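Student: Questions regarding the structure given below will be posed in turn.
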Amino acid sequence: MIKFDITLFIQIVEALVMTFVLYYILIKPVMSHIRERESHFQALEKETQELIASAEEAIRKYQEELNKARAEGVQKRELLKEEARKIEKEILSKVMKEVEEYKAKWSEQFSKQLEEVRKELMGKVEFFASLMVERLLGRKV
């Protein structure tokens, strides 16, 4: 059976003293170290989240700038195409004018030459007529 004498109280006091001593020597420092690590990891996690957020923001800004640059590029390309079309129309109109002028000049020269040939042939009609009669009849007229 259990005896209730002074040794029981001494053991209870020893257990309480050991509990307080162990708490302040072992448990409290270990727990404070664990809390420090937790706070350190929380700070690192917060910093990581901030870095991720800033990286996402930088990527978003990059995408916006890229889209803006693409839109500007498309707009500039369209402007250049329009300018090229205008230049092409100007060049084509100049060429068409030159072609029309050349055609008119050539047509005039051709008409003059044709008229000269007609006059020349009209002057030789009797010669050709007599030549045809001679060949058809086989004798000179």
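The values are calculated or read from the model by the stated rules, or taken from the named source; none is laboratory data. Predicted model only: the values in this text are computed from it and were never measured. Don't worry about glycine lacking a Cβ; one is built from the backbone with ideal geometry, like all the others, and counts go over all protein chains shown.
Student: Given the conditions (1) in a loop (DSSP other than H, G, I, E, B); (2) surrounded by 10 or more Cβ atoms within 10 Å (Cβ to Cβ), which single one is not true for LEU16?
Tutor: If we test LEU16 against (1) in a loop (DSSP other than H, G, I, E, B); (2) surrounded by 10 or more Cβ atoms within 10 Å (Cβ to Cβ), just (1) comes out false.
Student: A further question follows. Only one of SER39, SER107, SER130 is surrounded by 10 or more Cβ atoms within 10 Å (Cβ to Cβ), part of a helix (DSSP H, G or I), at pLDDT 95 or above and not β-branched (Val, Ile, Thr). Can you tell me which?
Tutor: SER39
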